[in-house]
Amino acid sequence: MTLSNMSVKQIGDKLKKKEISAVELTKVYLGRIKKEDPKKECFVTLWEAKALRQAGTFQKKQDKNGLLSFLAGIPCGLQDHICTENLSTEAGSVILKNFIPPYNATVVEKILDRLGIPLGKLRMSEFGMNPDPIQCGAAQSVSKGWTVYSLGSDVFGSVSIASVFWNIAGLRPTHGLVSRYGLIASSSLDQIGIFANRVEDCAAVLSEIAGQDPRDPLSASFTVPDYTTYLRKGVRGLKIGFLAGAEDDAKVFEKQGAEVKEVTLSLLSYIRPIYDILFSAEASSALGRYDGIKYGYRSSHGNNLSELYTRSRGEAFGSEAKKYVLAGTHILSSEQREIYNKALKGRYLIAKESEDLFTHFDVLLMKGNPKEDDLCLLPALTGMPALTVPKGSRSENGFYGIRLMANRFQEGLLFQAGHLYRSETGGAT
Amino acid sequence: MKEFETIIGLEIHVELATSTKLFCSCSARFTREPNRNCCPLCMGMPGTLPVLNRKAVEYAVRVGLALSCRIERFSRFDRKNYFYPDLPKGYQITQYEYPLCKEGYFDIDTPQGIKRIGIAEIHLEEDAGKLIHLEDGFSLIDYNRAGIPLIEIVTEPDLRSAEEAKIFSEDLRNLIMYTRASDCKMQEGSMRVDVNLSVREKGTPDFGTRTEIKNLNSFRSVARAIQYESERQIRLLKSGKNVLQETRRWDEAKGESVPMRNKEDISDYRYFKEPDLPAIILSLEEIESVRKTLPSLPRERMERYRREWNLPWNDAKLIASSRALADFYEKTVQYCRLPKEASHWVTGEVLKKLNEKKLVLEESDMDPKFLGKLILLVKEERLTGSVAKKIFDIMFDTKEDPEKIIASYGRITVKDAGQLDQVIEKVLKENPKAVADYLGGKKKTFGYFMGEIMKETNGRADTALAKKILEKRLAFLYNNNNPIKEG
Ligand SMILES: [Zn+2]
């Protein structure tokens with residue numbers, strides 16, 4: 001059975017027509033993961049029993065009610081900093097060794113409620129602090145065909161970087177659109193993202209996991225549309241601003257009736273230092289809860305309280321975490337306070353510039369990049385959504401598709417443009 | 001000789017009486033069972049997010065309004081970062097830069113008259129858990145208290161003596177209890193007072209180096225610690241030494257304060273805006289609707305009692321100090337229209353009885369209408385004072401209408417002149433010596449006779465009538481200079 005390149009909708013149709021059962025499908029996926037990832041390099045923990053139970057429930061419910069949701073019966077993966085009830089959640093850090101949350105993240109609840117099939121937890125760098133795409137199990141799992149979609153998080157632009165690297169689609173939603181409850185974040189800049197083979201899968205998944213959550217005070221009251229309805233709208237009449245380097249991609253849109261125009265961002269060079277400062281500051285505080293007292297790793301060498309703290313944290317945190325904790329502690333100290341305040345001000349100015357840009361344009365187009373650059377941090381600083389779209393076929397070497405950005409809550413525009421780009425460049429739709 | 005003056009500011013933490021915690025739905029009620037009221041959020045588990053309890057904001061605003069503060073329409077939370085096992089997240093969510101209430105004041109009654117104490121700010125924050133240190137060196141943590149909403153009231157350095165600080169704290173406690181924002185139980189830790197104190201030579205404009213004193217568990221400790229600390233600082237300065245900026249811990253048993261941490265140890269809390277919570281935005285309508293829930297406050301009531309009802313200062317203050325007592329008093333007056341008599345009863349019998357039974361007014365279930373009725377019965381001379389007290393005792397226990405009690409306990413008063421005359425004749429006969437004294441000019445003996453008459457009638461004699469008859473009889477004896485013979 002070749003299921004690996006099918007979309008959420010295609011699998012859904014097969015389930016609906018009972019060409020395949022959900023249990024069978026789940027077993028196929030689990031079997032392949034066990035065979036192809038025997039050392040648990042991508043799937044650090046399998047949620048096998050839960051996945052099969054979900055599939056069983058799906059079959060019972062299907063007979064009664066028919067299909068309920070895009071996500072029903074669809075196998076997926078969760079990066080290991082998305083909390084899963086009674087299942088180890090370590091966020092890539094020794095400090096959370098053997099941490100088993102007694103609660104599910106809201107996105108997990110939503111997937112479970114919709115009878116989705118979470119296959120297990122995916123590898124990540126420590127707290128996702130290193131955007132090295134090799135370490136991003138969420139993107140890898142999709143690219144390998146081990147999941148239909150995976151949820152990960154965007155830290156240091158990792159959704160954009162990893163999806164380009166693994167040649168899949170990746171969405172970082174607007175701040176407040178997807179609940180962050182149960183996401184083990186190091187900063188408020190971190191955001192749950194969606195990885196899938198196709199733009200339309202990102203649209204389908206977002207339609208199900210978005211929405212206001214009483215457990216996340218920053219989640220927005222916003223009526224979530226069915227984003228799949230945007231897919232075939234085309235780009236006629238859309239105003240698309242593109243940054244240098246994306247000229248060829250702009251032509252793809254122009255040919256389909258979009259107005260395209262090159263734009264520049266004057267504050268581009270400030271993006272990374274501002275992100276670094278804000279992230280470090282928040283991370284130094286957010287990681288304070290890992291103290292060896294309540295859960296996770298505790299050093300056996302602490303003879304007094306202060307030693308217990310320093311030893312537990314010293315032994316368990318990796319170099320990335322230590323780097324940001326030290327930098328953040330310094331930045332927030334009363335002597336260095338100006339740095340932090342300036343970064344806040346800078347963030348405001350950058351967000352303002354982006355907002356101004358979107359009064360003239362519907363979508364901002366950039367070249368895809370499998371490595372860290374400054375632009376991949378722009379969505380986090382502005383709270384705006386971004387979609388990475390792989391080129392339908394990788395014909396030219398080193399060409400990795402595009403990144404699209406839109407104003408807050410304008411994911412629909414991203415799907416519109418992204419889906420068109422994908423089909424125009426020869427991708428399966 | 002140099003004269004010194006003590007400058008005191010207080011920081012008062014008050015636990016709000018909300019039913020749930022500040023950022024989660026765990027119960028905020030006091031319980032002895034450790035770690036009973038806990039959840040992933042208030043135990044600092046990763047991935048949890050704080051959700052503000054709006055009730056806590058409302059309670060804090062109530063206190064802010066009662067202290068004549070400016071209620072900020074924009075306020076927000078900050079993180080105060082430090083490590084301690086009772087602090088589950090490694091930071092406390094508090095308000096640092098933009099507190100909820102600012103620039104208020106509170107007038108207190110000092111022996112020198114009314115004094116206005118400035119309130120710098122009131123901010124909202126979460127409480128920490130509690131450590132229990134075992135004898136074997138281990139410590140246990142109870143997170144029941146972690147996340148309970150607190151307000152911190154910060155005064156201006158306007159207090160000048162232990163006595164003022166004590167009066168301020170007590171009056172503040174009464175005021176907060178009035179707003180029902182907290183039960184202010186010091187022994188359960190729901191009200192905690194920290195003292196900032198410095199001394200300076202009288203007449204100098206600059207403040208001296210201040211110390212902070214913590215662990216004050218009663219108003220008495222507050223006063224004692226201030227006395228101790230101000231003497232300690234003055235002694236240091238007089239001997240040419242400097243006061244160190246430090247935090248000191250009051251030891252009530254020893255009656256002294258000991259250094260807890262000095263300036264170098266005072267950590268940099270690295271405050272910054274809490275990124276997981278939106279700002280608190282209050283509309284004028286919201287603030288006004290909270291204002292409407294406030295009752296008339298102690299000072300306002302006290303002044304009204306003095307102005308409109310002519311109560312003496314002490315009684316007015318005493319009645320107004322408790323909302324329940326003041327409400328009860330006002331309802332009594334509403335019924336009997338006799339504010340003086342009502343105040344007499346409320347500050348006398350009512351408080352005496354509550355003390356005796358170790359009850360608070362709310363628990364006693366007393367009906368102010370019945371007290372009003374009783375007062376009217378006395379006023380109409382249908383009851384003597386002493387009978388009324390007896391009826392009151394019964395009323396307190398049975399919660400019955402005084403009329404009903406009287407009906408079941410016989411006639412109200414002896415108003416029958418013939419019956420009273422017989423009693424008086426008997427009393428005079430039985431006390432020939434007193435009669436002789438009276439006739440010899442000792443007019444005070446009259447009171448003695450009245451007492452005896454009351455005794456004979458079980459207190460039910462109509463005072464005015466008895467007095468009239470007694471006067472008549474004594475005048476008769478005097479005129480005839482003919483003492484009644486024994487027999
Ligand atoms: Zn809780």
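The values are calculated or read from the model by the stated rules, or taken from the named source; none is laboratory data. Model, not experiment: these values are computed from the prediction. As a convention, Cβ positions derive from the backbone with ideal geometry for all residues, glycine included, and neighbour counts pool all protein chains shown.
What to note about this one:
- Within region B:293-308, one or more residues are among the hydroxyl-bearing types (Ser, Thr, Tyr) and part of a helix (DSSP H, G or I).
- Checking each residue in region A:58-98 for being buried (at least 24 other Cβ atoms within 10 Å of the Cβ), within 14 Å of chain B (Cβ to nearest Cβ) and of a type in the set (A, V, I, L, M) picks out A:Leu78, A:Ile82, A:Ala91, A:Ile95, A:Leu96.
- Whichever residue in region A:201-234 is of a type in the set (Asp, Glu) and surrounded by fewer than 24 Cβ atoms within 10 Å (Cβ to Cβ) and, among such residues, is farthest from B:Ser25 (Cα to Cα): A:Asp226
- Of the listed requirements (1) touching a helix residue (DSSP H, G or I) at 6+ places or on another chain (Cβ under 6 Å); (2) within 13 Å of another protein chain (Cβ to nearest Cβ); (3) part of a loop (DSSP other than H, G, I, E, B), A:Ile293 misses just one: (1).
- Condition check for B:Lys185: basic (Lys, Arg) and either crowded, with 16+ Cβ neighbours inside 10 Å or touching a residue at least 40 places away in the same chain (Cβ under 8 Å) (or both): no
- The single residue among B:Phe272, B:Phe328 that is within 14 Å of chain A (Cβ to nearest Cβ) and either farther than 30 Å from A:Arg337 by Cα or over 17 Å from the mean Cα position of the chain (by Cα) (or both) turns out to be B:Phe272.
- Matching residues in region A:248-281 - criterion: being touching a helix residue (DSSP H, G or I) at 6+ places or on another chain (Cβ under 8 Å), closer than 27 Å to A:Thr425 by Cα and β-branched (Val, Ile, Thr): A:Val252, A:Val260, A:Val263
- Taking residues in region A:170-194 that are farther than 16 Å from A:Glu208 by Cα and within 11 Å of chain B (Cβ to nearest Cβ), and partners anywhere that are in a loop (DSSP other than H, G, I, E, B) and among the polar types (S, T, N, Q), not one pair has Cβ atoms closer than 6 Å while being at least 6 places apart or on different chains.
- Residue in region A:283-301 that is modelled with pLDDT of 95 or more and either of a type in the set (S, T, N, Q) or within 30 Å of A:Thr264 (Cβ to Cβ) (or both) present: yes
- Taken over region A:137-194, the criterion of being more than 21 Å from A:Thr106 (Cβ to Cβ) and in a loop (DSSP other than H, G, I, E, B) is satisfied by A:Lys144, A:Gly145, A:Trp146, A:Phe156, A:Gly157, A:Trp166, A:Asn167, A:Ile168.
- Answer from B:Pro46, B:Pro40 - the residue that is over 23 Å from B:Val290 (Cα atoms), touching a helix residue (DSSP H, G or I) at 6+ places or on another chain (Cβ under 9 Å), within 13 Å of chain A (Cβ to nearest Cβ) and not charged (D, E, K, R): B:Pro46
- Test: B:Pro278 is in the same structural domain as B:Tyr91 (by TED's automatic domain parsing) and not aromatic (Phe, Trp, Tyr): yes
- Answer residue from region B:13-44, given it is in contact with a Ser or Thr (Cβ under 7 Å, 6 or more places away or on another chain) and part of a strand (DSSP E or B) and is farthest from the ligand (Cβ to nearest atom) among those: B:Val14
- Residues being within 13 Å of another protein chain (Cβ to nearest Cβ) and part of a helix (DSSP H, G or I) - total across region A:99-125: 4
- Annotation note: Cβ proximity below 7 Å between a residue of region B:14-36 that is more than 14 Å from every other protein chain (Cβ to nearest Cβ) and a residue that is among the aliphatic types (A, V, I, L, M) and near the ligand (Cβ under 9 Å from one of its atoms) (sequence gap 6+ or interchain) occurs for no pair.
- Selected residue [assigned by TED's automatic domain parsing to the domain that holds B:Glu33, within 16 Å of the ligand (Cβ to nearest atom) and either over 24 Å from B:Arg291 (Cβ atoms) or in contact with a Ser or Thr (Cβ under 6 Å, 6 or more places away or on another chain) (or both)] from B:Tyr84, B:Tyr143, B:Tyr105: B:Tyr143
- Taking region B:113-140 as the range and being in a loop (DSSP other than H, G, I, E, B), within 16 Å of the ligand (Cβ to nearest atom) and away from chain A (no Cβ under 14 Å) as the test, only B:Asp127 passes.
- Under the condition of being over 17 Å from the mean Cα position of the chain (by Cα), of a type in the set (A, V, I, L, M) and part of a loop (DSSP other than H, G, I, E, B), the residues counted in region A:72-98 number 2.
- Filtered residues of region B:351-368 (kept if at pLDDT below 85 and assigned to a helix (DSSP H, G or I)): B:Lys353, B:Leu354, B:Asn355, B:Glu356, B:Lys357, B:Leu361, B:Glu362, B:Glu363, B:Ser364
- Within region B:83-95, the only residue that satisfies the criterion of being of a type in the set (Ser, Thr, Tyr) and away from chain A (no Cβ under 12 Å) is B:Thr94.
Residue-by-condition table, conditions (1) in contact with a helix residue (DSSP H, G or I) (Cβ under 8 Å, 6 or more places away or on another chain); (2) without any contact (Cβ under 8 Å) to a residue 12 or more places away in the chain:
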residue	(1), (2)
B:Pro275	yes, yes
B:Ile281	no, no
B:Leu284	no, no
B:Thr293	yes, no
B:Asp315	yes, no
B:Arg323	yes, no
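- Filter result (without any contact (Cβ under 8 Å) to a residue 60 or more places away in the chain and hydrophobic (A, V, I, L, M, F, W, C)) within region A:341-395: A:Ala351, A:Phe358
- Every residue from region A:303-320 that is within 15 Å of A:Gly288 (Cα to Cα) and of a type in the set (Ser, Thr, Tyr): A:Ser306, A:Tyr309, A:Thr310, A:Ser312
- Just one of the listed residues (B:Lys80, B:Lys55) is under 18 Å from B:Glu125 (Cα atoms) and facing another protein chain (nearest Cβ under 10 Å), and it is B:Lys80.
- Residues in region A:357-393 that are surrounded by fewer than 24 Cβ atoms within 10 Å (Cβ to Cβ) and of a type in the set (Val, Ile, Thr): A:Thr359 only.
- Selection count where residues are away from the ligand (no atom under 16 Å from the Cβ) and aliphatic (A, V, I, L, M), scope region B:45-79: 8
- Scanning region B:127-140 for residues being touching a strand residue (DSSP E or B) at 6+ places or on another chain (Cβ under 6 Å) and crowded, with 18+ Cβ neighbours inside 10 Å gives a total of 2.
- Being surrounded by fewer than 16 Cβ atoms within 10 Å (Cβ to Cβ) and over 25 Å from B:Glu58 (Cα atoms) is a property that B:Pro259 has.
- Selection from region B:95-108 of residues that are surrounded by fewer than 20 Cβ atoms within 10 Å (Cβ to Cβ) and touching a Leu at 6+ places or on another chain (Cβ under 8 Å): B:Tyr105
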